[in-house]
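A.B. asks: Let me give you the structure first, and then I'll get to my questions.
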Amino acid sequence: MREILGRRRRLLSKRNGGRPEMLQQALTFAAEWQWPVLPGAAPDPESRSRCSCPDPECVVPGAHPFDPGLLAATTDERMVRWWWTNRPAAPVVLATGGGAPCAVSLPALAAAHALGALDRMGMRLGPVVATPARWSILVAPYSLAELGELLYAKDFVPGSLRFHGEGGYLALPPSRTGLGEVRWERAPLPGSAAPWVPDVEAVVDAVIEALTRTGVSAPEM
């Protein structure tokens with residue numbers, strides 16, 4: 001019976017794009033690390049630059065929740081298995097905030113210079129998620145009020161910085177979206193515990209200082 005079910009799952013996976021590693025990664029995020037996840041909308045199979053959602057001008061094709069919606073994000077292993085058994089190629093989307101990590105993102109070129117500067121400064125970072133256009137530094141959960149106070153206290157904050165906080169989302173590796181492949185620029189250390197992430201204040205302070213030191217502008221993207 002198990003062999004028959006196994007053949008059926010492999011056949012279903014093949015018909016739906018065949019990416020069994022997506023299920024395993026989704027289970028790691030949800031069941032082991034307790035990060036609430038859900039399937040992304042996925043890019044349009046006929047044109048990966050377009051999204052499968054109804055919005056013809058979607059700016060994050062495949063990299064956002066659609067059906068189910070963001071509030072369905074869960075750490076329940078059974079639900080995660082069901083989703084990715086039926087949609088094995090679906091991107092894995094993290095619901096940021098609450099008890100889950102948040103993120104600070106910036107354009108890829110500026111991010112590469114900033115991370116190099118942070119390394120020279122001795123700044124400790126956790127995982128960094130990268131797409132061809134933007135890199136996202138995972139940070140500890142923060143509230144919108146905390147973020148507002150942090151940004152208000154700054155003389156200058158680059159307009160290209162984006163904040164994935166409470167009520168936000170972020171596609172995780174090894175998802176494939178219309179924005180390109182999602183990968184780890186700084187991979188989590190191996191182990192069963194959820195990766196350590198720094199405070200958002202430390203990251204924002206360090207990123208702004210690093211961009212100022214290197215003289216690299218972070219254009220609006």
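A.B. asks: Put +1 on the Cβ of every Lys and Arg and -1 on every Asp and Glu Cβ in the chain; which of 108, 26, 95 then has its Cα farthest towards the positive end of the dipole?
C.D. replies: 26
A.B. asks: Please list 121-127, 61-67, 162-168, 188-194 highest first by mean number of surrounding beta-carbon atoms within 10 Å per residue.
C.D. replies: Numbers: 121-127: 14.6, 61-67: 20.9, 162-168: 17.4, 188-194: 11.3.
So the order, starting with the most tightly packed, is 61-67, 162-168, 121-127, 188-194.
A.B. asks: Express in whole angstrom the spacing between the alpha-carbon centres of the range 159-208 and the range 95-156.
C.D. replies: For the range 159-208 versus the range 95-156, the Cα centre distance is 7 Å.
A.B. asks: What is the range 84-221's relative contact order, in percent, from Cα pairs under 8 angstrom and six or more apart in sequence? Walk me through the numbers on the way to the answer.
C.D. replies: Details: 244 pairs, mean separation 52.0, N = 138.
Normalised by residue count, the contact order of the range 84-221 is 38 percent.
A.B. asks: Please report, in whole Å³, the volume per residue of the convex hull around the C-alpha atoms of the range 36-172.
C.D. replies: Details: hull volume 18.2 nm³, N = 137.
About 133 Å³ per residue, rounded to a whole number.
A.B. asks: Going highest first, how would you order 173-179, 52-58 by mean Cβ packing within 10 Å? Present the calculation step by step, with values, prior to reporting the outcome.
C.D. replies: Values: 173-179: 21.6, 52-58: 13.1.
Ranking the peptides 173-179, 52-58 by packing returns 173-179, 52-58.
A.B. asks: Okay, next question. What is the percent carbon and sulfur in the accessible area of the range 89-221, measuring with a 1.4 Å probe over the protein chains and ignoring ligands?
C.D. replies: Working: 3360 of 6100 Å².
So the carbon and sulfur contribution to the accessible surface is 55 percent.
A.B. asks: Can you give the accessible area per residue of the range 32-91, in Å², using a 1.4 Å probe? Walk me through the numbers before you get to the answer.
C.D. replies: Numbers: 3300 Å² over 60 residues.
Dividing the accessible area of the range 32-91 by its residue count gives 55 Å².
A.B. asks: Just grab the label-to-label distance for residue 32 and residue 46, each label 7 Å out from Cα along the Cβ direction, in nm (one decimal).
C.D. replies: 3.9 nm
A.B. asks: Of the listed peptides 24-35, 101-112, what is their order by residue-averaged count of other C-beta atoms within 10 Å, with the highest listed first? Present the calculation step by step, with values, prior to reporting the outcome.
C.D. replies: Details: 24-35: 18.6, 101-112: 21.6.
Top to bottom by mean Cβ count within 10 Å: 101-112, 24-35.
A.B. asks: Give the calculated FRET efficiency between residue 149 and residue 71 to the nearest 0.05, with a Förster radius of 30 Å applied to their Cβ-Cβ distance.
C.D. replies: Details: r = 27 Å, r/R0 = 0.89.
With R0 = 30 Å, the Cβ-Cβ based efficiency is 0.65.
A.B. asks: Sticking with this one: Divide by every residue of the chain the summed helix terms, -39500 (n - 2.57) for each DSSP H run of at least 4, and state the resulting mean residue ellipticity at 222 nm, rounded to the nearest 500 deg cm²/dmol. Don't jump to the answer; show the numbers that get you there.
C.D. replies: On the way: 6 runs with 70 residues, N = 221.
After summing the helix terms and dividing by the residues of the chain, the value is -10000 deg cm²/dmol.
The values are calculated or read from the model by the stated rules, or taken from the named source; none is laboratory data. Computed from a predicted structure; not experimentally measured. Every residue, glycine as well, gets a Cβ built from its backbone with ideal geometry; the counts of neighbours run over all protein chains shown. These area figures cover heavy atoms from the full protein model, side chains too; ligands, DNA and RNA do not enter into them. Shrake-Rupley method; radii C 1.70, N 1.55, O 1.52, S 1.80 Å.
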